[in-house]
Amino acid sequence: MKEMGRKNGVNRVKELSFQFAIRIVKLTQFLEQEKKAYVLSRQLLKSGTAIGALVREAEHVESRADFIHKMAIALKEANETDYWIELLYQSQLLEKQGFDSIRSDVVELLKLLTAIIKSSKKNLLEC
């Protein structure tokens with residue numbers, strides 16, 4: 001679907017969410033091995049990798065409304081991931097440099113998903 005943020009033939013949200021999931025996997029490995037933060041790392045892993053999975057699911061939806069629904073859930077997961085990242089930083093389990101870097105990625109995903117949802121809702125109303 002056109003709304004998914006295609007740029008130069010590449011699905012931007014799909015690529016960003018996948019690369020973000022890789023960063024989340026690596027961060028959770030660090031948190032478990034170095035900080036012994038098992039519960040928090042599991043929460044982060046669940047929400048941070050769900051974003052890309054939902055975007056991938058949205059590629060094969062049966063309707064525009066279903067597409068919007070999948071993207072809305074991905075947005076909720078991105079928002080939850082932002083919460084866990086902030087909590088890790090405020091709890092001093094994540095250094096400022098790492099926080100700033102991964103936070104900028106999740107903020108970019110939040111903005112992109114929000115734009116996709118708004119555009120898709122607008123297009124749905126125009127049909």
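The values are calculated or read from the model by the stated rules, or taken from the named source; none is laboratory data. Since the model is a prediction, treat every value here as computed from it, not as a measurement. Counting neighbours? That spans all protein chains shown, and the Cβs are built from the backbone with ideal geometry, glycine included. For the accessible areas, the whole protein counts, side chains as well, though only heavy atoms, and no ligand, DNA or RNA atoms are used. Shrake-Rupley method; radii C 1.70, N 1.55, O 1.52, S 1.80 Å.
Length available on full extension from PHE18 to LYS122: 0.36 nm per residue minus the Cα-Cα distance, which gives 34.8 nm. Couplings 3J(HN,Hα) of segment 54-69, computed from phi: 5, 4, 5, 4, 5, 5, 10, 7, 9, 8, 5, 5, 5, 4, 4, 4 Hz, in residue order, whole Hz [Karplus 6.51 cos²θ - 1.76 cosθ + 1.60, θ = phi - 60°; x for Gly and Pro].
Taking a straight Cα-Cα cut-off under 16 Å and skipping sequence neighbours fewer than 8 places away in the same chain, the aspartates and glutamates within cross-link reach of LYS121 are GLU3, GLU62, ASP66. Sorting the segments 50-57, 98-105, 11-18 by their residues' average number of neighbouring beta-carbon atoms within 10 angstrom, most packed first, yields 50-57, 11-18, 98-105. Once the 1.4 Å probe is applied to the protein heavy atoms, segment 84-127 comes out at 62 Å² accessible per residue. The peptide list 72-78, 116-122, put in order of mean Cβ contacts within 10 Å with the highest first, becomes 72-78, 116-122.
Magnitude of the charge dipole for the chain, about its Cα centre and with charges confined to Cβ atoms of Lys, Arg (+1) and Asp, Glu (-1), is about 220 debye.
Since only SER101, GLN43, HIS69 are under comparison, the one whose Cα sits farthest along the positive direction of the charge dipole of the chain, derived from C-beta charges on Lys, Arg, Asp and Glu, is HIS69.
Across the chain, Cα pairs under 8 Å and at least six residues apart give a relative contact order of 27 percent. Taken over the Cα atoms of the chain, the convex hull encloses 93 Å³ per residue. Round to the nearest 0.05 the FRET efficiency obtained for THR114 and LYS35 when R0 = 30 Å and r is the Cβ-Cβ distance. It comes out at approximately 0.45.
Length available on full extension from ARG42 to HIS69: 0.36 nm per residue minus the Cα-Cα distance, which gives 7.2 nm.
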